[in-house]
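Just below is one structure, and these are the notes that go with it.
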Amino acid sequence: MKVSSKSPSIFSLLKLALRGDQQEFTDGSINLAIFLLSVPMILEMAMEALFAIADVFYVSRLNDNDALATVVLTESMLTLVYSVAMGMGMGATALVARRTGEKNRAAAAHAGVQAIYLGLGVSLVIAVVGMLASDDLLRLMGADANVVAHYAGYTYWMLTGNVTIMMLFIVNGIFRGAGDASAAMRALIIANGVNLVLDPLLIFGLGPVPAFGVEGAAIATNIGRGLGVLYQIYYLSSAHSVIRIDARSLMPKSETIANLLKVSAGAIAQFLIGSASWIFLVRIMAPFGSAALAGYTIAIRIIVFAILPSWGMANAAATLVGQNLGAGKADRAERSVWRTGFINMLFLAAVTVVFLLFAQDIVGLFTVDEEVLFHGKRCLQVVSAGYCFYAYGMVINQSFNGAGDTRTPTILSFVGFWLFQVPFAYVMAKSLGFGPDGVYIAIVTAETAMAIAGILLFRMGKWKAVRV
């Protein structure tokens, strides 16, 4: 379905975006394409972040710092799972978008199936590790004996149920590549709706339902995600799906698998590098006490949630790049990226103002502890100082990925996070005595430098020649 040449109202555009009637974006208005892709992608990202927000919110009501610490430490470990899932989802997006731009829907569906196969295999390995080593992994993350003895069940459930995380990211990557972002959004709406109902029920108990405490949060999350995956499978096999998976799509093909592995491996490495660096930042923060760690965690959760529209726009840019390269329209792909980056910059500039003025009030929604409130406020205000640079940085990185050039952002991540951010955070926080502020300063400095480097590399245009 194409949009009328008349000027439609914002409400009709929102309706069109949420229905997902238009899936090909290789001609017409770039601004309209960004809007139609970004709206469902923003909601999709909001739904994904809401899982972690909900767990932290309800578990914090237990008034048990050890329980909250378990969620924090487990989420830090799960960033590695998210990295693998996002990397494979990005690989699926790149291949599916390119085949969609080439008008080859059968090949797009086939690429998506190979990504699902790989995801299932990887999730099985992670589940086995979770079953056998949940306690040891918590100790490795610095958890004390009481946390390991009484709360390791949360870690166990989250790691053994990782297949739901893997499939949600991978299949939604398929939907995004096809331009059907509304399907990805609906899967996560279902998953979150169930989780929001089950979270308080299983954590605190009600009537015949016993209170499982922090473990209940993990059980609720897995059930919610699982139902979202079932919807994805149903939709992919239905007549409504843009790239319908049928019996012919299930056959393996070495060339498709090789392409998927090449693109996904770079994306996985890229996300692993970034995620592992965040784990080390948590380790640097940990010695400064539970209040500093809790404040940092709350602030990062708020930051992630607040910049979700930015990630939605970045993902929209990746789809536009992939589809337009597939259609042989590299110049349109580049224009889409710069336009998306500019819109993203305007949005994050507004977020910066809000954080600078109302940081204490925002963090106060999650805690009444004065020390936690202080650290959360400081984190929000310092990290947000570089948002205008982040705006372009995240769009540029995802555009490289959408083109299938996962090598460039991987190198950027390695240099930016491991050779600069982590050592700089350690020196600032410990050697120079800045404490938690040193970590916040390192984050904003590294992210700004990486954004500038990404812009310079993108302008060179080598990504236009990548073949997937």
Q) When Lys and Arg each count +1 and Asp and Glu each count -1, what net charge do the other residues less than 14 Å away from residue 46, Cβ to Cβ, add up to? A) 0
Q: Choose one of 454, 442, 424: the residue whose Cα lies farthest towards the positive end of the charge dipole of region 403-468 (beta-carbon charges +1 Lys, Arg; -1 Asp, Glu; about the Cα centre).
A: 454
Q: Have a look at 58, 343, 228 and report the one farthest towards the positive end of the charge dipole of the chain, computed about the Cα centre with Cβ charges (Lys/Arg +1, Asp/Glu -1).
A: 343
Q | Spacing of the two label points (7 Å from each Cα toward its C-beta) at residue 145 and residue 361, in nm | A | 4.7
Q: Compare the Cα positions of 67, 277, 328 along the charge dipole of region 27-465 (+1 at Cβ of Lys, Arg; -1 at Cβ of Asp, Glu; about the Cα centre) and return the one farthest towards the positive end.
A: 328
Q: Return a single number: how many Lys pairs in region 27-465, at a sequence separation of 8 or more or on separate chains, have alpha-carbon atoms below 25 angstrom apart.
A: 12
Q: With everything on Cα atoms, drop me the angle between helix 290-306 and the longest principal axis of the chain, reported from 0 to 90° to the nearest 10.
A: 20
Q. Fewest to most neighbouring Cβ within 10 Å: what's the order for 150, 110?
A. 150, 110
**Q.** Charged-residue dipole, Cβ positions (Lys, Arg, Asp, Glu), region 103-189 about Cα centre, Debye nearest 20
**A.** 520
Q: Would you mind calculating the gained length between residue 131 and residue 460 on full extension (0.36 nm times residue separation, minus the Cα-Cα distance), in nm to one decimal?
A: 113.7 nm
Q. In degrees from 0 to 90, rounded to the nearest 10, what is the angle of the helix 65-101 Cα long axis to the longest principal axis of the chain?
A. 10
**Q.** C-alpha long axis of helix 308-326 to longest principal axis of the chain, angle in °
**A.** 30
Q: Let me know the charge dipole size of the chain about its Cα centre in debye, to the nearest 20, where only the beta-carbon of Lys, Arg (+1) and Asp, Glu (-1) is charged.
A: 1920
Q) What net charge is computed for the residues neighbouring residue 318, neighbours being all others with C-beta under 12 Å from the C-beta of residue 318, Lys and Arg scored +1, Asp and Glu -1? A) +1
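Any read-out appearing in this document is the output of simple, stated calculations on the displayed coordinates, not a laboratory observation. All values reported here derive from a predicted model rather than from experimental measurement. Ideal geometry is used to build each Cβ from the backbone, glycine not excepted, and the neighbour counts take in all protein chains shown.
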